[in-house]
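Below: one structure, written as structure tokens.
The values are calculated or read from the model by the stated rules, or taken from the named source; none is laboratory data. Everything numeric in this text was worked out from a predicted model, so none of it was measured. For neighbour counting, all protein chains shown are included, and Cβ atoms are generated from backbone atoms with ideal geometry for every residue, glycine included. Please note that ligands, DNA and RNA were not included when accessible areas were found on the heavy atoms of the full protein model with its side chains. Shrake-Rupley method; radii C 1.70, N 1.55, O 1.52, S 1.80 Å.
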Amino acid sequence: MSNRILEDSPNAHINKSILDRYLSLPLKENIVQATYVWIDGTGEDLRCKDRTLDFIPTKPSDLPVWNYDGSSCYQALGSNSDTYLHPVAIYRDPFRRGNNILVMCDTYRFDGTPTETNNRKTCLEVVNKCLNEEPWFGIEQEYTFLDFDGYPLGWPKNGFPGPQGPYYCGVGANKVYARDIVDAHYRACLYAGIKVSGTNAEVMPAQWEYQVGPCLGISIGDDLWMSRFLLHRIAEEFGIVATLDPKPMPGDWNGAGAHTNVSTKTMRLDGGIKQIEEAVAKLSKHHERHIRAYDPKQGQDNARRLTGKHETSSINDFSAGVANRGCSIRIPRGVNDDGKGYFEDRRPSSNCDPYSVVEAILRTICLDE
């Protein structure tokens, strides 16, 4: 990492080892620092703030509802700004460790109605209607590292790196950048209790991927959002930006998606390929609805990515195939051979709301809505 990058980022100037002096200070046994995390009004960005507890919580309902300034998060007017945080999931804090926690929260208005970007509420209602199908989800989260100036990390400033080819799952200083952050994030997620199943360098240089799942129902959304929080938070310490933009570089470069793997109980049984094919047929009838649900701007972000090139399908057409990464829905070769398993929806964008994705898929394939 060059000195130019370090000079560009104020965070990179700070001597991180000094912090250890204070994090090692002992606290009373029942004192817990809790970081509340929530999705703001953009539907993409995360916010957080901390509070001190004098007890050790064991479940989200133990935690107090808290408020914040919704007007500063694009979720309320300044004349009536109090917006409320309802804890829904608890994770171990990899920064402070000990009994300290990270808390994923839903957001609600003063009158008890969910904010516009609280998609978890309706997602959970749908998931609860499908519990007998035991829906499993796995999401492949792609993202890109940027310098503090917004240009991809490691790219020459007056040009471009060599063409795509050697970077996917690459090894070597001329092929991959910022593996330190990737490894730190991977370990932090596992410590926190997030079900991360793997990670790899992606096709475009400075682009990476990690996979969350398989998770049952609503937990895929909770885990993915908290994993994103950890990604941004850890990259912050390195003075580097992690972006979920689905097409951070125009031109002949791969975009970034959140390919979503889906499996129900019947799909996992012998002969489940029939249920997979039936689900694909149902999805084919609601392509436009799913495109609207698969990025925060109801398809505008994905329009830059789903061009029919760079391992994507066209945003305008639905397609499905075995082992075909240029389709809307891919059935893995192994699944086709085994006659059971899962399918991959390749349409969700890297900045999608997983709650919206899960809700749309279950409404279509399980509830026939």
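On average, how much accessible surface per residue is there in the range 127-367, in Å², for a 1.4 Å probe, leaving out ligands, DNA and RNA? Spell out each step's value before the answer.
Working: 9450 Å² over 241 residues.
In whole numbers, the range 127-367 has 39 Å² accessible per residue.
Using only alpha carbon pairs under 8 Å that are at least six residues apart, calculate the relative contact order of the chain and give it in whole percent.
Normalised by residue count, the contact order of the chain is 16 percent.
Figure the gain on full extension for Ser81 and Leu367 (residue separation times 0.36 nm, minus the Cα-Cα span) and round it to one decimal in nm.
On the way: separation 286, 0.36 × 286 = 102.96 nm, distance 3.71 nm.
Between Ser81 and Leu367, full extension yields an extra 99.3 nm.
Pairs Lys195/Lys285; Lys59/Lys121; Lys157/Lys247: which are spaced more than 23 Å apart, C-alpha to C-alpha?
Lys195/Lys285
What percent do you get for the relative contact order of the range 1-153 when only Cα pairs under 8 Å and 6+ apart count?
Value for the range 1-153: 19 percent.
What distance in nm lies between label points placed 7 Å from Cα along the C-beta direction at Asp111 and Glu237?
4.3 nm
Mind checking the range 52-134 for trypsin sites (Lys or Arg not before Pro) that DSSP puts in a loop (not H, G, I, E or B) and that have at most 13 other Cβ atoms within 10 Å?
Answer by residue number: Arg97.
Taking the range 93-140, which GluC sites (Glu not before Pro) meet the DSSP loop condition and have no more than 14 other C-beta atoms within 10 Å? Provide the component values of the computation, followed by the final result.
On the way: sites: Glu116, Glu125, Glu133, Glu140; in loops: Glu116.
Here the sparse-neighbourhood loop sites are Glu116.
Relative contact order of the range 74-196, please, whole-number percent, based on alpha carbon pairs below 8 angstrom and at least 6 residues apart. Intermediate values should be presented prior to the final figure.
On the way: 93 pairs, mean separation 25.6, N = 123.
21 percent.
Using the Kirkwood formula over every pair of different C-alpha atoms, what hydrodynamic radius in Å results for the chain?
Computed over Cα pairs of the chain, the Kirkwood hydrodynamic radius comes out at 21.7 Å.
When all protein chains stay in place, what accessible area (Å², nearest 10, 1.4 Å probe) is found for Val262?
0 Å²
How far apart, in nm, are two points set 7 Å out from the Cα along the Cα-to-Cβ line at Cys48 and at Arg292?
Reported label-point gap for Cys48 and Arg292 is 3.4 nm.
For a distance above 27 Å, tell me the whole-number percent of Cα pairs in the range 16-166 that qualify.
When every Cα pair of the range 16-166 is considered, 46 percent fall beyond 27 Å.
With a 1.4 Å probe and all protein chains left in place, how much of the accessible area of the chain comes from carbon and sulfur atoms, in whole percent?
For the chain, the apolar C and S fraction of the accessible surface comes to 50 percent.
How much accessible surface does Met267 have with a 1.4 Å probe, in Å² rounded to 10?
Surface open to solvent at Met267 totals about 10 Å².
Along the range 67-82, what does the Karplus equation 6.51 cos²θ - 1.76 cosθ + 1.60 (θ = phi - 60°) give for ³J(HN,Hα), rounded to whole Hz, x for Gly and Pro?
10, 8, 7, x, 5, 8, 10, 6, 10, 6, 8, x, 6, 8, 8, 5
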